[in-house]
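Have a look at the structure below before the remarks.
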Amino acid sequence: MEVEHPGNDLVGRKTYWRAGIDENYPKGEIDIYPDAELGIVHTFQHQNYNTGLKDRKYRAGKICLDSALGSWGRKKYTNEPRTAKDRLYWHIWRCQQWIYAALLGRLFEKGDPFELPAIPNRDGVSIIFNEDGDKLASWKSIGRNYGDFEYFSIDQLKAKAKGKYIISSFTNGKNTIRNLWGVGFKDLANIENKGFWILLDSMPILIPWRLPENFGELIKLCSDQGLDFIRLISNAFVKRRARGQSLEMICLGFPVPQMVGESAASIHWFAIGIPKPRERRNGFRPSSNEYWKFQLREITSSKKKIDWLTSENWHKDQITNRGKMDKKLQNAKILLVGAGSVGSTLIELFARLGCEKITIVDHDQLQAGNLSRHSLTLNEVGNNKAEMLSWKLNSIFPHMDVQFEPTTIQSVLQIKKEFLSDFDIIIEATAQDEVLEFLQTVLDKPEQLLVSVSASYKANRLYGYLCRIADGSVEIIDDFAKRIAPYIAIDKSIPKDELEMIEGIGCWHPIFPSRIDDIQMLLGAMFKKIEEAYGSLEGTKMVIVEKTFDEHNDFKGLNIIDEG
């Protein structure tokens, strides 16, 4: 494929491209790469790192063409055709548009989402940091723009996420900036690995949009910003050598905007891996001064290829961005009383939507019979539900702070008199009237939202009682009983022999039938009503979410009854 255009110093008048087409065309992927001999050799925005590939007729710099956003510089949406006649032509047309935008320097325009350059080398190792706009002010006032950072490996967690290294703090000898992580990382706080960081004024980028390949290019970029990279790294090696430590990682930070043309919104970090010493090299032992000097010379050599590592910002706003929720609700402190099927499913919705301050109270142990409709697994059977559920929620996001009390709410309050005062939302999911009645007697903050959630027989219906009353003007348990009475009457009309189901051999104990898919579906709708109530509810209301069926008893959808 040949494309002719005016050309400039970065893009020749004619460029040659190769298209990789799925064997099931018109289905599958269509990828367009620069030709190995006559294609472009530079790396631009919206392009993979454009290095040569051994024994391939194309370079690695695949260009991004299948974004829903229209041609670069044109703020409109364009849909990729799916027919065999038009689909390849559409990609070729998009390739032409990409080339012209590259020629004019318009692959990035003011107001576009800011994009970082592609990482040249990916070896499965990632460095994880935690940066936002609030911390940017701390970086501006930290003083000396280099120092040590502490990090630990996520491999040391029970989770099997390999090759992730979490930064816990940065220090320049006088000031420290900490990355605040949640309870899931607390046990690793004493694990000490130290890297070296340098904060740059701007991103270390070569025109048009490429990270430096070797240390010579990086040294030049640092020098342009008034930093002597070799001196800084040499001093870092000397200090570590004196302490019997090694240097295995360097981080380069720089300010980045959210949108092109805007001011900086946060600090981003790129990471460089330093190879660990081998057993022997050129006759030097890894513990010898000679080997250490050899390694330093090798790393600071102008031709030494840089081992770039993937880096990721795990700040809360970044990793919950796919499921955004109102900040006010995200910041709420939530208490869950009752970690059964309804409670565990509902509280996981809160957690995955960014609510990080959660406490769970339940005295019960998880049984194998719970698993058909509980969010926990066989690994937790025989353990306290509140404890196991807190561990699970803490492992969802790195910022989670989920606590637990493996007892009843009555027992907790006997010891901790002010326990309830700390919460903004109190969820009662025990389906026990006496618990709701007890909570009525101890709530003391009018601004607290009390939510009681329970399921009907076969989870045909979900009951949600929501109130913001703690002054005694309404008897909560009486109001709740009055509102739910018509629906309880429906449940009582179910034939007795249908209700009584054998739990196990030799045991005639009625069990409560309901399916997990019904509970999840109903709770999704109920969550919306809780979210609304947190922002606006005054007094009390009853919300019923129920399944509806057609004349053939086939599921039709959900009906929400909002009795304000």
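All of the numbers you see were taken from the coordinates with simple rules; none came from a lab. Just so it is clear, the model here is predicted, and its values are computed rather than measured. Cβ atoms come from the backbone with ideal geometry, glycine included; neighbour counts cover every protein chain shown.
On the basis of the beta-carbon distance and an R0 of 30 Å, residue 54 and residue 5 show a calculated FRET efficiency of 0.55. Starting from the Cα gyration tensor of the range 2-104, take the square roots of the eigenvalues, sort them a ≥ b ≥ c, and report rounded, prolate or oblate (rounded when a/c is under 1.5, otherwise prolate if a/b is larger than b/c, else oblate). Verdict is oblate for the range 2-104.
Length available on full extension from residue 378 to residue 490: 0.36 nm per residue minus the Cα-Cα distance, which gives 36.9 nm. Rounded to the nearest 10 degrees, what's the angle between the helix 476-492 long axis and the longest principal axis of the chain, both from Cα atoms, 0 to 90? That helix lies at roughly 80 degrees to the long axis. Adding -39500 (n - 2.57) for every DSSP H run of four residues or longer, then dividing by how many residues the chain holds, sets the calculated 222 nm ellipticity at -8000 deg cm²/dmol.
How much length is gained if the chain between residue 92 and residue 178 is pulled fully straight, taking 0.36 nm per residue apart and subtracting their Cα-Cα distance, in nm to one decimal?
Stretched fully, the residue 92-residue 178 segment lengthens by 26.1 nm.
For the chain, a Kirkwood radius taken over Cα pairs fed into Stokes-Einstein (25 °C, viscosity 0.890 mPa s) yields D = 86 µm²/s. Between residue 214 and residue 243, the FRET efficiency estimated from the beta carbon spacing at R0 = 25 angstrom works out to 0.30. Close amide H contacts of residue 363 (hydrogens built in the peptide plane, cut-off under 5 Å, sequence separation of 5 or more or a different chain): 407.
Across the range 100-106, computed HN-Hα scalar couplings (Karplus, 6.51 cos²θ - 1.76 cosθ + 1.60, θ = phi - 60°) run 5, 5, 5, 4, 8, x, 10 Hz from first to last residue, x flagging Gly and Pro.
Ranked by the mean number of other Cβ atoms within 10 Å of their residues, highest first, the peptides 379-390, 352-363, 442-453 come out as 352-363, 379-390, 442-453. Estimated at 0.36 nm per residue, the fully extended path between residue 265 and residue 132 surpasses their Cα-Cα distance by 47.2 nm. For the chain, find the longest principal axis of its Cα atoms and tell me its angle to the long axis of helix 229-242, 0 to 90°, nearest 10. Value to nearest ten degrees: 60.
Order the peptides 415-423, 217-225 from the highest to the lowest mean number of other Cβ atoms within 10 Å of their residues.
Highest mean packing first, the order is 217-225, 415-423.
Taking all Cα pairs closer than 8 Å and separated by 6 or more residues, the relative contact order of the chain comes to 9 percent. Here is the P(r) of the range 322-563: all C-alpha pair distances, binned every 10 Å from 0, give 7, 31, 38, 20, 4, 0 in whole percents. Residues whose amide H comes within less than 5 Å of that of residue 169, counting only those at least five positions distant or on another chain, are 150, 179 (H built at 1.01 Å from N in the peptide plane).
Could you work out how far helix 516-536 tilts from the main Cα principal axis of the chain, as a 0 to 90 degree angle to the nearest 10? On a 0 to 90 degree scale, this one is about 90.
Note on 373, 18: ascending count of other Cβ atoms within 10 Å places them as 18, 373, the fewest first.
Pairs of lysine residues in the range 366-465 that meet both criteria, 8 or more places apart or on different chains and Cα atoms under 27 Å apart, total 7. Panel order for 64, 95, 467, by other beta carbons found within 10 Å of each beta carbon, from fewest to most: 64, 95, 467. Within the range 47-61, whose backbone N sits under 14 Å from a point 7 Å along Cα→Cβ of residue 38? Residues 58 fall inside that zone.
In terms of other Cβ atoms within 10 Å, 302, 375 run from fewest to most in the order 302, 375.
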